[in-house]
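Derivation of every value follows stated rules applied to the coordinates shown; laboratory data play no part. None of the values given here were measured: they were computed from a predicted structure. Positions of Cβ are backbone-derived with ideal geometry, glycine not excepted, and every protein chain shown enters the neighbour counts.
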Amino acid sequence: MKLKHIFPVLSLVLIGAAQAQQQTTGLLSKRLANASSRTASASQGDRAQIITQASDTATPWVVNGDGMRTRYTLVNLENTAATYQIVFVTSEGTQYRVPWAGMDPTNVLRGTIQPNSTLEFVTDGHGETTQGWSLASATGARVIFTAQNERMIADGVWHSTSYYPSNSLSKKVKVRFDNRDGYTTKIIVNNLNTAGTRVAITVRDADGNTIGELEGFMDAANQYGIDVREDFPLSQGLAGTIEIAIPTTNRSGVSALGVRLNSETGGIDMFDAFSTVAWSQ
């Protein structure tokens, strides 16, 4: 079994319920076994510059266009100002020039957040769908970063699902899955390193029994997808966890997000990845 590249994008859930019922299992297309790294074919100037520190947080899924957008919220928890930086990376590991509402497109957001204040940035939601991930950091004060993936359900009406980014140095994360009641769970996985890495994936049911395993390779800074029900048939009708681990020799970690979809109703939920830098290997 091979890891799948993230294309075509998960925004297919936005189509009508009848179409979604037919296409849900194809939301993540298979990556060819002999496919070369898209990062390797990109020019040096296009490659994302990624330097992670202990305080950095990784947002697993940034998406914009075709009725979807991403909202970032920054909250300064202290009585002193802080400087922040958010770097955006495409699914192929290159610089992601994000189209922002009321701002010029850019692959890096930098600035100052005042004491005890809140900042928001929202993508414009227009045009063809683009996606990737991001890395955020702050200095001078403790700043909380949250992300919301929003989809338009009617003209001017947006449905929002929020989650917390994960620590960028975590080499092992766990994500819930829930394939009950007509839902299927997709897992988005990002290699936060500037080099390729091996990855080991273990699927467990709610009782902790292993029901599936997968080992593969992730290209540098690339984004991948797992269709839990399709790739691990024993997970159908069950809930449990997926463990994603990369070697501890990597400088940076791995980030992940669970996306739970209902093909009949169009329902969507987000599952955070649970992680800790000191998690025993």
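With a simple spin-label model that places each label point 7 Å from the Cα along the Cα-to-Cβ direction, the separation between R251 and D205 comes to 4.3 nm.
Counting Lys and Arg as +1 and Asp and Glu as -1, what is the net charge of the other residues whose Cβ lies under 9 Å from the Cβ of N149?
+2
Histogrammed with a bin width of 5 Å, the alpha carbon distances of the stretch 214-253 distribute as 5, 14, 28, 22, 13, 12, 5, 1 percent, first bin at zero. Ranked by how many other Cβ atoms sit within 10 Å of their own Cβ, fewest first, the residues D219, D104 fall in the order D104, D219.
Exposure proxy for L238, L257: other Cβ atoms within 10 Å of each Cβ, ordered fewest to most, give L238, L257. Arranged from fewest to most other beta-carbon atoms within 10 Å of their beta carbon, S252, S263, S134 become S263, S252, S134. Placing a label point 7 Å from the Cα of E213 along the Cα-to-Cβ line, no residue of the stretch 169-195 has its backbone N under 12 Å from it.
Counting Lys and Arg as +1 and Asp and Glu as -1 over every other residue whose Cβ lies under 13 Å from the Cβ of L169, the net charge comes to +2.
Can you give the extra length, in nm with one decimal, that the chain gains between R198 and I144 once fully stretched, where that is 0.36 nm per residue apart less the Cα-Cα distance? Stretched fully, the R198-I144 segment lengthens by 16.4 nm.
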